[in-house]
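The structure appears below as structure tokens.
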Amino acid sequence: METNKALKPAAVAEWLGITPGALAQMRYLGKGPRFVKIGGRSIRYMESDLMSWIEAQTRQQTGEQVSA
């Protein structure tokens, strides 16, 4: 059985190589990976959502993406 871990923001930020504040800003702007809000303030990232978000960020060039 494959597990889908719930990761804390600090662990996700460290794994992505960014600060927890930068990750919080991405959450605020709606530009980061999907997250789950548990209770009033606890945030968790599901491992599967994080991997999907990373896959969606994959690019082959640095310029703007132009649709064909």
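The values are calculated or read from the model by the stated rules, or taken from the named source; none is laboratory data. Owing to the predicted nature of the structure, the values given are computational and were not obtained by experimental measurement. Please note: Cβ atoms are built from the backbone with ideal geometry, for glycine as well, and neighbour counts cover all protein chains shown.
For segment 26-46, filtered to residues that are farther than 12 Å from Ala6 by Cβ and among the small types (Gly, Ala, Ser), the residue that is modelled with the lowest pLDDT is Gly40.
Okay, residues lined up against (1) touching a residue at least 40 places away in the same chain (Cβ under 8 Å); (2) loosely packed, with under 14 Cβ neighbours inside 10 Å; (3) out of contact with any Cys (no Cβ under 8 Å at 6 or more places or on another chain); (4) among the hydroxyl-bearing types (Ser, Thr, Tyr):
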| site | (1), (2), (3), (4) |
| --- | --- |
| Leu7 | yes, no, yes, no |
| Ala13 | no, no, yes, no |
| Thr19 | no, yes, yes, yes |
| Leu29 | no, yes, yes, no |
| Phe35 | no, no, yes, no |
| Ile38 | no, yes, yes, no |
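In the set Ile43, Ile54, only one residue is within 11 Å of the chain's Cα centre (by Cα) and among the β-branched types (Val, Ile, Thr); that residue is Ile54. Residues in segment 8-28 that are over 9 Å from the mean Cα position of the chain (by Cα), hydrophobic (A, V, I, L, M, F, W, C) and assigned to a helix (DSSP H, G or I) were compared, and the one that is farthest from Ser42 (Cα to Cα) is Trp15.
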